[in-house]
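Just below is one structure, and these are the notes that go with it.
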Amino acid sequence: MTLDLVKTLSDLVALASVNPMGRAVSGPEYLEYRVTDYLEQLFKKLALPYQRQTVEPKRDNIVARVDGEVPPSEGGPLVLFEAHQDTVPVVGMTIEPWTPTVRDGRLYGRGACDIKGGLTAMLGAVARLAQERPPGMPTIVMACSVNEEHGYSGATALTRLWSQPGSIIARQPDAAIVAEPTELQVVVAHKGVVRWRCHAHGRAAHSSQPHLGVNAIFKMSRLLNSLERYQSEAVSRLGQHALCGQPTLSVGTISGGLSVNTVPDGCTIEIDRRLIPGEKPAEAYRHVLDFIESEIGADPAIEHEPPFLIGVGLSDEANGPLAERMVAAAREARIPCDKVGVPYGTNAAAIGAAGVPSIVFGPGSIDQAHTADEWLALDQLARASEALYRFGRTGLK
Ligand SMILES: [Zn+2]
């Protein structure tokens, strides 16, 4: 069966699958189950064996398989295609998020670029391979995961499938291609991240007598100055990755105080520290805390929570042959393709950390992901699918 790529992408965009991003929200647009049900029907139509893996209520990974010439249990090759089902929220969008619209060679809608386009490109390749079954093709597992945008728990659950008896993935895959909008380049390395909250505690007083209180915002401002120096000076001493540059630090939110006439008794910030491949999240967190303490001294009224989000980076140490093959497949599909590094995180790091050489590839630019008028260039959709099909014909050979 040949898949109509534009129709499939339109169908997927029309099915809202918004990630709640850790907030206690409810509404018909949240969670991935509509997309999962659609994919289940599609895999049935393609006559592929598939398995649903519940990660949280209404949040299932769905995994289908195209059997290659030699089963993986008998030494045949096994390749994983992976794309996430969730999108970011739609607040502030200037277009109808779930009414896919094609205009000037682009398809507009939430998730068109990140990553229902990449998912569609993979589904198109899988459908062709399932029909043609070229001799010598590897077994291909198409995994559609939940919760990529807030903590990678779907991909992490996926990596448990291949050690589960009776699961659809007989053993650990030999290689994984993860869909994200890379503008048809092969991403071989990307940064990781660790995020946490930090509180400054003070003592409230009437603002006409500030000496009777302890101003938590003033206290936090000293810490913020120190964090700014961390970003401007300290990170450059931590080394560079050839493709990803140096680590970074940013403070993304701040809140505190009750009213302008009260000395604030609390102030909270959220810190985002990006890691270069090879850096360990716990060590990076500790490094920031030690830097602050060396600058402003130990202060029992400063409290760093444990990280609420951790993602390791993707290293290019283990994925060399896989990347070469994917670059070659893309060039066969007339795509000017090279190996690159990027600053954002992906599911490839979670799959790579489980021991599977992993790369990232997909249509669309990260510049259009998560935007108010998210769109995907449809010529990239077709070319991505062609490149993935060509890779899938022979796998790593
Ligand atoms: Zn994505």
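The values are calculated or read from the model by the stated rules, or taken from the named source; none is laboratory data. Remember, it's a predicted structure, so these values are computed and weren't measured experimentally. Note that we place each Cβ from the backbone using ideal geometry, even for glycine, and neighbour counts take in every protein chain shown.
Please determine, by comparing only the residues of segment 368-397 that are part of a helix (DSSP H, G or I) and touching a Cys at 6+ places or on another chain (Cβ under 9 Å), which one is modelled with the highest pLDDT. Only one residue tops the list, namely ALA387. Within the span defined as segment 326-344, one or more residues are modelled with pLDDT under 95 and part of a loop (DSSP other than H, G, I, E, B).
Yes/no per residue for (1) of a type in the set (Val, Ile, Thr); (2) part of a loop (DSSP other than H, G, I, E, B):
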site	(1), (2)
VAL25	yes, yes
PRO28	no, yes
LEU39	no, no
LEU42	no, no
ARG52	no, no
VAL55	yes, no
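Considering segment 83-121, and only residues there that are away from the ligand (no atom under 12 Å from the Cβ) and of a type in the set (Ser, Thr, Tyr), the residue that is surrounded by the fewest Cβ atoms within 10 Å (Cβ to Cβ) turns out to be THR94. Every test in (1) in contact with a Pro (Cβ under 6 Å, 6 or more places away or on another chain); (2) closer than 23 Å to ALA24 by Cβ; (3) in a strand (DSSP E or B); (4) not hydroxyl-bearing (Ser, Thr, Tyr) is passed by ASP60 save one, and that test is (1).
Scan segment 342-365 and tell me whether some residue there is away from the ligand (no atom under 16 Å from the Cβ) and over 21 Å from VAL193 (Cα atoms). No: segment 342-365 contains no residue that is away from the ligand (no atom under 16 Å from the Cβ) and over 21 Å from VAL193 (Cα atoms). Under the condition of being modelled with pLDDT under 95 and on the phi > 0 side of the Ramachandran plot, the residues counted in segment 121-150 number 1. If you go through segment 173-189 one residue at a time, do you hit one that is closer than 23 Å to VAL35 by Cβ, away from the ligand (no atom under 16 Å from the Cβ), surrounded by 24 or more Cβ atoms within 10 Å (Cβ to Cβ) and touching a residue at least 24 places away in the same chain (Cβ under 8 Å)? The answer is yes, given that some residue of segment 173-189 is closer than 23 Å to VAL35 by Cβ, away from the ligand (no atom under 16 Å from the Cβ), surrounded by 24 or more Cβ atoms within 10 Å (Cβ to Cβ) and touching a residue at least 24 places away in the same chain (Cβ under 8 Å). With respect to GLY68, determine if the residue is among the small types (Gly, Ala, Ser), surrounded by 22 or more Cβ atoms within 10 Å (Cβ to Cβ), in contact (Cβ under 8 Å) with a residue 40 or more places away in the chain and within 16 Å of the ligand (Cβ to nearest atom). So GLY68 fails the test.
Using the structure shown, decide if GLU332 is surrounded by 14 or more Cβ atoms within 10 Å (Cβ to Cβ), of a type in the set (Asp, Glu), in contact (Cβ under 8 Å) with a residue 24 or more places away in the chain and in the same structural domain as LEU78 (by TED's automatic domain parsing). Yes; evaluated as a whole, the condition is true for this residue.
Somewhere in segment 203-218, is a residue buried (at least 22 other Cβ atoms within 10 Å of the Cβ) and part of a helix (DSSP H, G or I)? Yes - at least one qualifying residue is present in segment 203-218. Looking at GLY364, is it touching a residue at least 24 places away in the same chain (Cβ under 8 Å), outside the structural domain of ALA242 (by TED's automatic domain parsing), more than 15 Å from ILE115 (Cβ to Cβ) and under 15 Å from the mean Cα position of the chain (by Cα)? Against the criterion (touching a residue at least 24 places away in the same chain (Cβ under 8 Å), outside the structural domain of ALA242 (by TED's automatic domain parsing), more than 15 Å from ILE115 (Cβ to Cβ) and under 15 Å from the mean Cα position of the chain (by Cα)), GLY364 does not qualify.
For residues that are among the polar types (S, T, N, Q), closer than 19 Å to ILE269 by Cα and touching a residue at least 12 places away in the same chain (Cβ under 8 Å), scanning just segment 232-254, find the one that is surrounded by the fewest Cβ atoms within 10 Å (Cβ to Cβ). The selected residue is THR253.
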